[in-house]
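Beneath this line is the structure, given in structure tokens, with notes to follow.
Read the figures in this text as sums done on the coordinates, not as results from a lab. Computed from a predicted structure; not experimentally measured. As a convention, Cβ positions derive from the backbone with ideal geometry for all residues, glycine included, and neighbour counts pool all protein chains shown.
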Amino acid sequence: AQKITQTQPGMFVQEKEAVTLDCTYDTSDPSYGLFWYKQPSSGEMIFLIYQGSYDQQNATEGRYSLNFQKARKSANLVISASQLGDSAMYFCAMRKRTGANNLFFGTGTRLTVIP
Amino acid sequence: DVKVTQSSRYLVKRTGEKVFLECVQDMDHENMFWYRQDPGLGLRLIYFSYDVKMKEKGDIPEGYSVSREKKERFSLILESASTNQTSMYLCASSLGAGGRRNEQFFGPGTRLTVL
């Protein structure tokens, strides 16, 4: 069965430093997609970055990059030069299976950026 | 600008009441989703719909039903609200059909309290 694991309930990072949020997944499907979302205290989910299982390069979107290690089934989010506005919950999600349109979410990591 | 709206940000209901949560998207998306979010559990899928009048159960459908009479509108119904349905409810929509098209766009959420 598909599974997403985020082992860090909470993380702290100093402003302007980089931080890595961990995500491991389990699937037997060769084709899958991985997503990261940010949820600030306002509650709305904001899409950050996407990685397809067949993508050759790690995805990057501005200060966000995804450290995709397929053999280890990990898709860690790296945030460079942290800002106070990065304080939020972060969720890793996976498209459940080929042909499916629904995502399966991890339990999230709460990131706090310290001034 | 893409948009998913939900009928209420906050809702307080009594045990046994019938509750309707409405969601509207303006992106002509095929797929719509209802999640509930609880601390430490992440987002859990209640129901989703991939077309008008079509619906599929998610991971926790018990106690809920849905309706999709028009493409842009997806309603979540609690037939007889119970206190264990107190939660944050998030609606989302996506284009679907693989890759980045599975990105889900979320509404602002409805925080439901059942007394």
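Can you confirm whether segment B:51-63 contains a residue that is assigned to a strand (DSSP E or B), among the hydrophobic types (A, V, I, L, M, F, W, C) and surrounded by 14 or more Cβ atoms within 10 Å (Cβ to Cβ)? Explain how you work it out, then say what you get.
Just the residues of segment B:51-63 that are assigned to a strand (DSSP E or B), to begin with: B:51, B:54-57.
Adding the requirement that they be among the hydrophobic types (A, V, I, L, M, F, W, C) leaves B:54.
Filter again for surrounded by 14 or more Cβ atoms within 10 Å (Cβ to Cβ), leaving none.
No: segment B:51-63 contains no residue that is assigned to a strand (DSSP E or B), among the hydrophobic types (A, V, I, L, M, F, W, C) and surrounded by 14 or more Cβ atoms within 10 Å (Cβ to Cβ).
Just one of the listed residues (B:111, B:101, B:44) is at the interface with chain A (Cβ under 9 Å from one of its Cβ atoms), free of Cβ contacts under 8 Å to residues at least 24 places away in the same chain and in a strand (DSSP E or B), namely B:44.
Can you find a residue that is loosely packed, with under 13 Cβ neighbours inside 10 Å, at the interface with chain B (Cβ under 10 Å from one of its Cβ atoms), in a loop (DSSP other than H, G, I, E, B) and of a type in the set (Ser, Thr, Tyr) anywhere in segment A:36-58? Checked segment A:36-58: at least one residue is loosely packed, with under 13 Cβ neighbours inside 10 Å, at the interface with chain B (Cβ under 10 Å from one of its Cβ atoms), in a loop (DSSP other than H, G, I, E, B) and of a type in the set (Ser, Thr, Tyr).
Of note, residue B:37 does not satisfy the criterion of being in contact with a Cys (Cβ under 6 Å, 6 or more places away or on another chain) and within 11 Å of another protein chain (Cβ to nearest Cβ). Considering segment B:1-34, and only residues there that are within 14 Å of chain A (Cβ to nearest Cβ) and over 15 Å from the mean Cα position of the chain (by Cα), the residue that is farthest from residue B:65 (Cα to Cα) turns out to be B:1.
Summed over segment B:13-31, the residues that are assigned to a strand (DSSP E or B) and either of a type outside the set (Val, Ile, Thr) or loosely packed, with under 12 Cβ neighbours inside 10 Å (or both) give a count of 7.
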